[in-house]
Amino acid sequence: MPTSLRRAPQAHPDDSLPGVVTRAFTTAGDLDYWASVRHAENAAQITEELATLVRTGRAPIAREPLAHAVELLLTTLDHADDASGALDNLLSRLLATHAEACRQDPPDPVELADWLVTVQFDAGRWCPVDIWAYGPALGKEGLDHYRSVVRRRWAADPGDLSARDAVERLARWEQDTATLIEVIGGDLKHPAQYGRLARALADINEPTLARHWAERGLAAHPEDPPGAGLRDFLARTPL
């Protein structure tokens with residue numbers, strides 16, 4: 001997730017920031033390609049101003065306006081042509097800055113967990129969140145609550161891609177091999193599932209287990225189609 005923002009001077013008084021964010025991020029009607037680009041450029045100015053507050057130790061002022069900006073931008077993305085990726089990039093920047101603000105000025109951990117669930121599942125569109133960035137602010141209590149909610153959502157609907165993504169990201173960060181095997185491997189009907197699982201396990205520094213699943217996949221699917229890449233993975237993974 002991109003985190004770099006230019007340092008912008010504070011152009012607005014502290015107490016005006018909530019209103020400024022609302023005006024900058026609120027849109028009406030559908031946005032075509034160029035309207036989306038212009039909106040992202042305009043909203044980036046206040047985003048950079050909020051980021052400067054966070055970087056200069058004034059996170060308590062910026063945290064709630066950043067959260068509101070995320071919520072408003074998700075609403076905009078529902079009716080915008082973001083083929084350029086400008087709005088998605090702005091969303092990533094907002095989330096990264098908000099996560100840092102929460103690290104510096106932690107909110108109630110359960111309330112933060114619920115907010116993350118809301119933006120990921122209830123905002124009307126897919127919004128992947130790098131949970132590791134929020135880990136310091138969530139702490140054990142917040143993480144336990146977040147884990148319980150996302151796993152319950154995934155169990156209720158294993159086909160929900162948002163829930164699957166959230167569970168996988170959490171498992172990768174916590175190096176939870178059992179959950180990674182469950183969420184990525186699944187029914188292990190296809191060779192690509194073995195390949196993806198092997199690579200995920202290697203990513204969390206489990207090379208022996210990664211080789212085990214790659215070898216199992218190759219035994220079950222000796223044709224090793226291009227989407228699996230099992231032989232190539234085994235050739236590159238030390239014994």
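The values are calculated or read from the model by the stated rules, or taken from the named source; none is laboratory data. Remember, it's a predicted structure, so these values are computed and weren't measured experimentally. All Cβ positions, glycine included, derive from the backbone under ideal geometry; neighbour counts span all protein chains shown. With ligands, DNA and RNA removed, areas are computed over all heavy atoms of the protein, side chains included. Shrake-Rupley method; radii C 1.70, N 1.55, O 1.52, S 1.80 Å.
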Selection count, the stretch 81-98, where residues are part of a loop (DSSP other than H, G, I, E, B) and touching a helix residue (DSSP H, G or I) at 6+ places or on another chain (Cβ under 7 Å)
4
Sort out which residues of the stretch 81-90 are buried (at least 18 other Cβ atoms within 10 Å of the Cβ) and out of contact with any Phe, Trp or Tyr (no Cβ under 9 Å at 6 or more places or on another chain), and write them in order of number.
86, 87, 90
Could you look through the stretch 73-90, keep only residues that are acidic (Asp, Glu) and farther than 13 Å from residue 32 by Cβ, and pick out the one that is modelled with the lowest pLDDT?
78
Within the stretch 99-120, does at least one residue satisfy the condition of being in contact with a Leu (Cβ under 8 Å, 6 or more places away or on another chain), outside any helix (DSSP H, G or I) and not polar (S, T, N, Q)?
yes
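Identify all residues within the stretch 194-228 that are at pLDDT below 90 and either aliphatic (A, V, I, L, M) or surrounded by 13 or more Cβ atoms within 10 Å (Cβ to Cβ) (or both); write none if there are none.
First pass over the stretch 194-228, keeping only residues at pLDDT below 90: 224-228.
Correct list: 224, 228.
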Boolean, residue 138 is buried (at least 21 other Cβ atoms within 10 Å of the Cβ), within 25 Å of residue 58 (Cβ to Cβ) and out of contact with any Lys or Arg (no Cβ under 9 Å at 6 or more places or on another chain):
yes
Among the residues listed as 63, 93, the single one being of a type in the set (Lys, Arg), open to solvent by 30 Å² or more (accessible area, probe 1.4 Å), under 22 Å from residue 165 (Cβ atoms) and at pLDDT 95 or above:
93
